[in-house]
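Each remark here refers to the structure printed beneath this line.
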Amino acid sequence: MKGTNYLRLRGRHLSVTLLTLTFTTIFLWAWEKNPFVSTPDQFSFHSSDFAVDSPKDPSSSVSLNPKEHVEEVSSQPVISEEMESPKKISGASPMNFTPSTASESEDNGDRMSSAEIKACNYARGRWVADSRRPLYSGFGCKQWLSEMWACRLTQRTDFSYEGYRWQPQNCKMTQFEPNQFLKRMQDKIIAFIGDSLGRQQFQSMMCMTTGGEWRLDVEDVGAEYGLVKPRGAIRPDGWAYRFSNTNTTILYYWSASLADLEPLNITDPTTDVAMHLDRAPAFMRQYLHRFDVLVLNTGHHWNRGKLKANRWVMYVDGKPVEDRKLAEIGNAKNFTVHSIIRWLDSQLPSHPQLVAFFRTISPRHFRNGDWNSGGNCDNTTPLTGGSKVSQDESSDAVVWGAVKGTNVKLLDVTALSELRDEGHISRYSVKATQGVNDCLHWCLPGIPDTWNELLAAQI
């Protein structure tokens, strides 16, 4: 009996052991299939547990927040220097660059570092051929473009200058698209204030935003800014147009010197005019609060002939300039540029919506004389002087130095325009019969379109 009881007891122990082993095996198998059946406290994860592709620039940081890695891909085409598939840029600003998706970045190893992006200089780069140019028709933009600047309406037969675009180094610019630009500028006012080259940039912008086509939705609102043609005048002091679909206004005001002009005797049409070198034009002071984008320029009216013809007399501190050194044309111009930029910079904190630019001087290309002494610019072959600008500093040292340390932005067009001597109106100007070549103003479509592309990229 004892033996029998012993065997029964031993059998029970074996059964319990087998059951325990069976349950243990089942539990371990189930846990292996789903390890998260345990409480979360037993598992901790660290960033080192994840593999993240680091950017080439070691100073760049990578966020592990998934929401911060959702990138919106621009619908605008980006053109590479060689007109092939564009290189993608990671971490770029959507205003000036086209961001890439993660998959695109993995497929392309040529990513720009944050240091390279920071070094973006729109004035440094090269001209490249582009078969999709010009951006509008020189025949069709009659509503906005002065006939004397529409070279397609002249006897000129070579228009190869139209087939190039500017490609900045370390910058990826999207193709200018009128509707997208107007949408971005919705409810905003873009103002150009300066000389006739500023007027060319204004007309170029009107042709670019309308596509060079007649548009019924564009309203003349010059009267809102006092830009009406005075009796007996050849033209008004400026123009202003509003796009009704986006409420975008583009205007131009003529101020060749950017100094404030004040007739000394308002009742005498032949009176001298005080040229206040230290005072911004009254138009700018009056309407500055309304502007969202402001582009200033000056330069080509600073000569004794222009001052004498316009009866301009230099004033500073409300008195005629007696300092002979300041009265020198070059010094007077420099003084005015610095004065206007300092004043504008002081106004920007009170106008947080305003983005202000000072455009550098547009180069002249007179050879073998000047405009009144047989000078010409007969070359029609593009880029005979080269296609690249490699310098970091601006060729307009005065404006470049004046904007330094201020919040006024530099729209640097001098060096890149210097390479395009074939783009002037040349002997096809309205005064060609008098032997006068226009090697100052540009054919439109033409070089000022590029100025506006650079402006649009930097707004």
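The values are calculated or read from the model by the stated rules, or taken from the named source; none is laboratory data. On a predicted model such as this, the values are computed, not experimentally measured, just so you know. Heads up, the Cβs are rebuilt from the backbone with ideal geometry, glycines too, and the neighbour counts pull from every protein chain shown. Note: accessible area is taken over every heavy atom of the protein model, side chains too, but ligands, DNA and RNA are not part of it. Shrake-Rupley method; radii C 1.70, N 1.55, O 1.52, S 1.80 Å.
Evaluate the following for Glu322: is it among the acidic types (Asp, Glu), touching a strand residue (DSSP E or B) at 6+ places or on another chain (Cβ under 8 Å) and farther than 22 Å from Ala402 by Cβ?
no
What number of residues within segment 364-411 satisfy the criterion of being under 30 Å from Arg342 (Cα atoms) and open to solvent by less than 20 Å² (accessible area, probe 1.4 Å)?
Residues meeting the conditions: 8.
Any chance you could count how many residues in segment 197-232 are within 27 Å of Arg133 (Cβ to Cβ) and buried (at least 19 other Cβ atoms within 10 Å of the Cβ)?
16
Being part of a strand (DSSP E or B) and within 20 Å of Gly299 (Cα to Cα) is the filter here; which residues of segment 230-243 pass it?
Gly238
Suppose we filter segment 152-184 for residues that are open to solvent by less than 60 Å² (accessible area, probe 1.4 Å), assigned to a helix (DSSP H, G or I) and either out of contact with any helix residue (DSSP H, G or I) (no Cβ under 7 Å at 6 or more places or on another chain) or free of Cβ contacts under 8 Å to residues at least 12 places away in the same chain (or both); how many remain?
Residues flagged as open to solvent by less than 60 Å² (accessible area, probe 1.4 Å), assigned to a helix (DSSP H, G or I) and either out of contact with any helix residue (DSSP H, G or I) (no Cβ under 7 Å at 6 or more places or on another chain) or free of Cβ contacts under 8 Å to residues at least 12 places away in the same chain (or both) within segment 152-184 amount to 2.
Go through segment 397-407 and give me each residue that's within 22 Å of Trp302 (Cα to Cα) and within 18 Å of the chain's Cα centre (by Cα).
Val399, Trp400, Val403
Just for strands (runs of 3 or more DSSP E) wholly inside segment 244-352: which have at least 1 residues that are open to solvent by 70 Å² or more (accessible area, probe 1.4 Å)?
Passing ranges, in order: 248-254, 260-263.
Out of segment 130-151, which residues are within 18 Å of Glu177 (Cα to Cα), crowded, with 16+ Cβ neighbours inside 10 Å and of a type in the set (Gly, Ala, Ser)?
Answer for segment 130-151, where residues must be within 18 Å of Glu177 (Cα to Cα), crowded, with 16+ Cβ neighbours inside 10 Å and of a type in the set (Gly, Ala, Ser): Ser137, Gly138, Gly140.
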